[in-house]
Amino acid sequence: MELANRLFFRLYQCANMLHKTGSRAVEAEGLTTQQWAVLGALSREKAQGGMSMGDLARYLMVSRQNLSGLISRMQRDGHIAIAPGGKDKRSRVVTMTQSGQHVWKDLAVPKIRAYYEQVLADFSINDVTHTLHYLLKMLENMQRLDGEWRGEEEEAAEA
């Protein structure tokens with residue numbers, strides 16, 4: 001239990017420091033780590049036609065409510081556009097604008113690469129590979145647990 005507590009507390013600290021130092025790395029572009037994550041998600045080849053709000057929320061593992069405010073600010077800043085999503089009139093598709101692509105590709109990505117190099121300076125490729133492996137295992141277990149809890153909530157709501 002003590003070791004698990006130390007591990008999860010360090011993850012918590014890392015998440016906070018990622019937000020703090022990562023945001024500082026891209027603040028000149030007017031970005032935060034959350035906006036960095038959105039632009040990164042939309043820059044993937046799979047997302048070239050945009051992503052629905054629901055798919056983007058699932059991909060980033062955030063609630064739609066949290067994503068909504070973030071998306072509104074990014075739309076206001078001209079980084080993304082929102083359009084109706086085809087057949088379902090309620091569905092909205094989020095895409096990166098030309099301005100957003102410029103901010104992402106030309107301004108943010110070089111700074112993000114430099115940030116990664118600094119944070120991982122004393123990590124070997126094996127260190128990075130093993131860390132990624134174990135984080136993915138933890139994430140899978142957390143997703144499984146989340147699914148079980150959501151199932152319990154749905155059962156309780158039906159009762």
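The values are calculated or read from the model by the stated rules, or taken from the named source; none is laboratory data. Keep in mind it's a predicted model, so treat the numbers as computed, not measured. Note that we place each Cβ from the backbone using ideal geometry, even for glycine, and neighbour counts take in every protein chain shown. All accessible areas refer to the heavy atoms of the entire protein, side chains included, with ligands and DNA or RNA removed. Shrake-Rupley method; radii C 1.70, N 1.55, O 1.52, S 1.80 Å.
Figures for the structure shown
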| read-out | value |
| --- | --- |
| Selected from GLN65, GLN75, GLN101 as most flexible by GNM, with the chain as the system and alpha-carbon contacts under 10 Å | GLN65 |
| The chain, relative contact order in percent, only Cα pairs under 8 angstrom and at least six apart counted | 19 percent |
| Qualifying lysines (Cα of each under 16 Å from Cα of LYS20; at least 8 residues distant if same chain) | LYS111 |
| Label selected from (i) 53, 49, 24; (ii) 39, 33, 29; (iii) 77, 46, 32, the criterion being Cα extents along the principal axes in Å as computed here | (i) |
| Distance from the range 86-104 to the range 31-65 (C-alpha centre basis), Å | 10 Å |
| For the range 36-159, size of Cβ-based charge dipole, Lys and Arg +1, Asp and Glu -1, in debye | 740 debye |
| Spin-label pair GLN48/TRP149, simplified geometry with 7 Å Cα→Cβ offset, distance in nm | 3.8 nm |
| Inter-label distance for LEU132 and SER23, nm, one decimal - labels placed 7 Å from Cα along Cα-to-Cβ | 2.7 nm |
| Nearest-10 value in Å² for the accessible area of ARG64, using the 1.4 Å probe | 140 Å² |
| Full-stretch length increase - ALA157, ASN5 - with 0.36 nm per residue and alpha-carbon distance subtracted | 51.5 nm |
| Set of aspartates and glutamates with alpha-carbon distance to LYS46 below 14 Å, sequence-local pairs under 8 removed | ASP55 |
| Helical contribution to [θ] at 222 nm, DSSP H n ≥ 4, -39,500 (n - 2.57), averaged over the chain, rounded to 500 | -22000 deg cm²/dmol |
